[in-house]
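This report refers to the structure that appears directly beneath it.
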Amino acid sequence: MAKVVTSPVYVVGDNIDTDQIIPAQYLTLVPTIPEEYKKLGSYAMVGLPDELYPTRFMVEGSTEAEFKIVIGGKNFGCGSSREHAPIALGAAGVEAVVAESYARIFFRNSVATGELYPYESRERLIDICRTGDIATLDFDNDTLTVGDGTFSLKPMGDVRPVIDAGGIFNYARQNGMIPSKG
Amino acid sequence: MTLTEKILARASGRPRVEPGDNVWVETDILLTHDVCGPGSIGVFKREFGQDARVWDPSKIVIIPDHYIFTADRLSNRNVDILRDFAKEQGLPYFYDVIDDPNGSWTFNAEVGQIKRQYGSRYQGVCHAALPRLGHARPGEVLFGTDSHTCMAGAFGEFATGIGNTDAGFILGTGKLLVKVPETMRFYLEGAMPPGVMAKDVILWVIGDIGFDGATYRAMQWEGPGVGSLNMDDRMTIANMAIEAGGKNGIFPADKATHEYVSERTTRNGTKADYNPVELDKDQKLIFDKVYDLSKLEPTVAMHPNPGNRALAKELEKVKLDRAYIGSCTGGKASDFFAFAKVVKGRHVKIDTYGVPATSDVVQELKETLWETQSVWNVLVEAGVKMTENASCAACLGGPTDTFARLNAPLTCISATNRNFPGRMGSKEAKVYLASPYTVAASALTGHVTDPREFLS
């Protein structure tokens, strides 16, 4: 089955750290409790400074973002190890982040939870795209199309099937690495 | 092989590993706390079943430390989730806030932030407490649900931060799939001159390589200069490996390490035997650089990231509203002694807050006398607002009633580890990271200040 997502993109800069993705005051919410998971989504990206990001990622009071694709620069997700960061984005409806590079723990947490696809771009897309541009992310061909431009993304390799499975537990079960749930 | 490779080879049952290898390793210790513990427990129960048992109760260390002294209902509840789990699973190393194993934790806002509100088992910041409680041992593998878990690399072990899902997997299996990192070597020579602290060393290095300069890599510290650093110094340096994006920081174990570990494991009755790894002659390094400690000067990381380096003496024009000393990085007893040395007999000019990392730091500051006065009183008389409630406090902002949180767009100089926008509260606030000496000198003047003028 072809996997394609078309959505307005949300564009952020370099070094977006986990405090900007989900500020520490909301870490009181426990992601495995369903209503608190939803709440985490409603706070996704509220730590971005208002003057730099006049268009807010979340409309206040909503639990779902209109942006299913986030475009970032270098070192996306740096800072703390909080899994709440990819979870907040996933809970808000983000399917993929496309960034030039990632901080290690954010990348790993995205894969482990299966919350979103952390794609690496070859170009500096944050200089090419603007928030609100409609983009199409083609997971089968690893491309992002924005307006007239189609940009090839780095294939995710070994981690792709883990995210497809919905995270490491599902993946490990599918491959017989841990027993199936009884 | 490098130190990290040797530890990961052994923990995965292989004769050798190479950078880039993905290996399943056995966990020696899993560390968690009140912010990520409940979610990790949630993953464990969801995936392994409500009645599942953890893989090894003696290898799990739970230290609540983040959001403890707050009236926030969910924060208090999260400590209770940890207690219930520790009881259910029979975990010997849960350092509860309260003494009653059947009780529940409620912060008393009327008693306030300053006076002690914890019981006899409570410790404070997990990374500072873990080695003091004899849970850090050379040659071991430590995973923790917190990015500053890398601090325990000071003790010659592989220590790194993970998320809740990975922690839930370890709770059930004791194993984790790890990619072997490339190693960067930081070869230290000489000794730090007066006025320079370990914090300056790591801020200098991060400024050098960039705050993503060690992404996916191990930062290995070697050389004759290491011998001049005490265990607290090494902890400060290893702690901030993550601030360069590193997977772990690691020091070879030496006599000082073994003495510290032996004393602490004996005191708390934890596992005393361990098998350290030794430095090899043939190490494959991705980066290798010599640093002369004697050449370093008081260093600052400016807003808005830990790699934004300047010297303290270059920033005299930066006016400050607040000074803060605390956290795993900067709230150890040695940090407070350094701070007190600068402010003794003087008075701070701006709001200055002190949060000891652990409960035994509180005790040590109160019991250590300089002439007839306790160091605690030296600090209080200098105008520092000291709390007895050891915790992470305002280092990472936290709920809005957190002690010393930046609830307004203030400019703060801090002995902590991270200064991204919003880290200490308000996302309009500006945070400058510096050593306890530099934070103290700056508190006295109200602007960023080279501490050496107060130390001669």
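The values are calculated or read from the model by the stated rules, or taken from the named source; none is laboratory data. Remember, predicted model here, so these are calculated numbers, not experimental data. Heads up, the Cβs are rebuilt from the backbone with ideal geometry, glycines too, and the neighbour counts pull from every protein chain shown. Side chains included, ligands, DNA and RNA excluded: accessible areas come from the protein's heavy atoms. Shrake-Rupley method; radii C 1.70, N 1.55, O 1.52, S 1.80 Å.
Annotations for the structure displayed:
- For B:K319, the lysines whose Cα comes closer than 17 Å to its Cα, not counting residues fewer than 8 places off in the same chain, are B:K349, B:K430.
- Length available on full extension from B:R16 to B:E314: 0.36 nm per residue minus the Cα-Cα distance, which gives 102.6 nm.
- The modelled label-to-label distance for the pair B:R46/A:R173, using points 7 Å beyond Cα in the direction of Cβ, is 1.2 nm.
- Ligands, DNA and RNA are left out, and with a 1.4 angstrom probe the accessible area of region B:91-161 is 28 Å² per residue.
- Counting only DSSP beta bridges with both residues in chain B, the antiparallel share comes to about 25 percent.
- Loop-located GluC sites (Glu not before Pro) across region B:159-267 with a Cβ neighbour count of 13 or fewer within 10 Å are lacking, with loop assigned by DSSP.
- With a Cα cut-off of under 24 Å and a minimum spacing of 8 residues unless on different chains, the lysine pairs in chain A number 6.
- Of the beta bridges in the protein assembly as shown, as assigned by DSSP with both residues counted there, near 35 percent are antiparallel.
- nm² value of the averaged projected area, convex hull over the Cα atoms of region B:102-208: 11.6
- Segment B:F287-B:Q373, length gained on full extension (0.36 nm per residue, minus Cα span): 26.2 nm
- Heavy-atom accessible area, 1.4 Å probe, ligands and nucleic acids excluded: residues of region A:98-116 down by at least 30 Å² from chain alone: A:R104, A:I105, A:R108
- Protection proxy ranking of B:195-201, B:29-35, B:280-286 - average other beta-carbon atoms within 10 Å, highest first: B:29-35, B:195-201, B:280-286
- Dividing the C-alpha radius of gyration of chain A by 2.2 N^0.38 Å, with N its residue count, gives 0.99.
- Net charge contributed by nearby residues that have their C-beta within less than 9 Å of A:A24 (K/R +1, D/E -1): +1
- The DSSP beta bridges internal to chain A are antiparallel in roughly 55% of cases.
- The protein assembly as shown, helix-only ellipticity at 222 nm - DSSP H runs n ≥ 4, -39,500 (n - 2.57), divided by all residues, nearest 500: -8000 deg cm²/dmol
- Over chain B, all Cα pairs binned in 10 Å intervals from 0 give whole-percent P(r) values of 5, 22, 32, 27, 12, 2, 0, listed from short to long.
- Region B:3-177: proportion of alpha-carbon pairs further apart than 29 angstrom, %: 21
- Averaged over A:31-38, number of beta-carbon atoms from partner chains that fall within 10 Å: 4
- Nearby lysines by direct alpha-carbon distance to B:K284 (threshold 18 angstrom, same-chain neighbours under 8 apart not counted): B:K6, B:K179, B:K247
- Look at the stretch B:165-174: the mean tally of other chain Cβ atoms within 10 Å of its residues' Cβ atoms is 4.
- Take the accessible area of chain B alone and of chain A alone, subtract that of the pair, and you get about 3600 Å² summed over both chains, using a 1.4 Å probe.
- Net charge of neighbours whose Cβ lies under 14 Å from the Cβ of A:D127, counting Lys and Arg as +1 and Asp and Glu as -1: 0
- Label-point separation, A:T150 to B:N102 (7 Å along Cα→Cβ), nm: 6.9
- Averaging 1/r over each pair of different alpha-carbon atoms in the protein assembly as shown and inverting the result gives 24.6 Å, the Kirkwood hydrodynamic radius.
- The alpha-carbon of B:K115 sits under 20 angstrom from the alpha-carbons of these aspartates and glutamates, leaving out residues fewer than 8 places away in its chain: B:D65, B:D72, B:D96, B:D99, B:D100, B:D351, B:D360, B:E364, B:E367, B:E381, B:E388, B:D401.
- The mean sequence separation of alpha-carbon pairs under 8 Å and at least six residues apart, normalised by the residue count of region A:4-174, gives a relative contact order of 25 percent.
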